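One structure is given below, encoded as structure tokens.
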Amino acid sequence: MHRVIFNLGSNLQAELNLPKAIDLLREYGQVTAVSRVWESESVGYEGPNFLNACVLFLTELEPAPLKGQIIRPVEARLGRIRSEDKNAPRPIDIDIVLFDDKPLNTEYWNYAFVAVPLAELIPDFIHPFSGEALSRFSGQVQARTWIVPRPDVKI
């Protein structure tokens, strides 16, 4: 089995869509851990705040089939419509952050919306750019970015 960590984000009915996305992921594989939900401002455009969480997921699929057979169908079931504007508001966005402890989608690793929930799941993992443990890097990014836990959102 492959060990995958997803970052889930939503800024359209996020309080409903994040839990639904995790429930749908459970239909496709084993969800073994979930971070808390975190709220942060949207990045790259003016729009509603995002809610994000990281999920540890076990699957037999490699990254390309994982995207085609699990990620895209889950996103579609929750109403995600992809457009040319990759920063448009969306009901759900699922990104592979780690695959078998190898960083993927590294463009997001320096953002609080990835680093903070990810550090909850794997605090001792070494950040691919800073060379620090994620727990330390997460603390630094939290000090300079507005991001708050949302314990009211149950996942």
- Item | Among the candidates Ser35, Ser10, Ser40, residue that is in contact with a Ser or Thr (Cβ under 8 Å, 6 or more places away or on another chain) and hydroxyl-bearing (Ser, Thr, Tyr) | Ser40
- Query: For residues in the stretch 96-128 being part of a loop (DSSP other than H, G, I, E, B) and of a type in the set (A, V, I, L, M), which is modelled with the lowest pLDDT?
  - Reply: Leu104
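Search the stretch 106-133 for residues being farther than 14 Å from Ala53 by Cα and within 15 Å of the chain's Cα centre (by Cα), and hand back the single one that is surrounded by the most Cβ atoms within 10 Å (Cβ to Cβ).
Asn110
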- Note on the structure: The lone condition Glu27 fails out of (1) more than 15 Å from the chain's Cα centre (by Cα); (2) in a strand (DSSP E or B) is (2)
- Query: Of the residues that make up the stretch 81-95, is at least one in contact (Cβ under 8 Å) with a residue 40 or more places away in the chain, surrounded by 13 or more Cβ atoms within 10 Å (Cβ to Cβ) and closer than 19 Å to Ser138 by Cβ?
  - Reply: yes
- Query: Going through the stretch 129-138 one residue at a time, which ones are touching a residue at least 12 places away in the same chain (Cβ under 8 Å) and in a helix (DSSP H, G or I)?
  - Reply: Leu134, Ser135, Phe137, Ser138
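Conditions (1) assigned to a helix (DSSP H, G or I); (2) of a type in the set (Lys, Arg); (3) modelled with pLDDT of 95 or more; (4) within 22 Å of Thr106 (Cα to Cα), marked per residue:
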| site | (1), (2), (3), (4) |
| --- | --- |
| Phe6 | no, no, yes, yes |
| Gly9 | no, no, no, yes |
| Val31 | no, no, yes, no |
| Gly44 | no, no, no, yes |
| Leu56 | no, no, yes, yes |
| Ala76 | yes, no, no, no |
| Ile81 | no, no, no, no |
- Scan of the stretch 22-42 for residues that are over 20 Å from Ile122 (Cβ atoms) and touching a strand residue (DSSP E or B) at 6+ places or on another chain (Cβ under 8 Å), ordered by number: Tyr28, Glu39, Glu41, Ser42
- For the stretch 1-51 the number of residues that are surrounded by 15 or more Cβ atoms within 10 Å (Cβ to Cβ), more than 16 Å from Lys67 (Cβ to Cβ) and among the hydrophobic types (A, V, I, L, M, F, W, C) is 10
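The values are calculated or read from the model by the stated rules, or taken from the named source; none is laboratory data. As the structure is a computational prediction, the values presented were derived from the model and not from experiment. Every residue, glycine among them, receives a Cβ derived from its backbone with ideal geometry; neighbour counts consider all protein chains shown.
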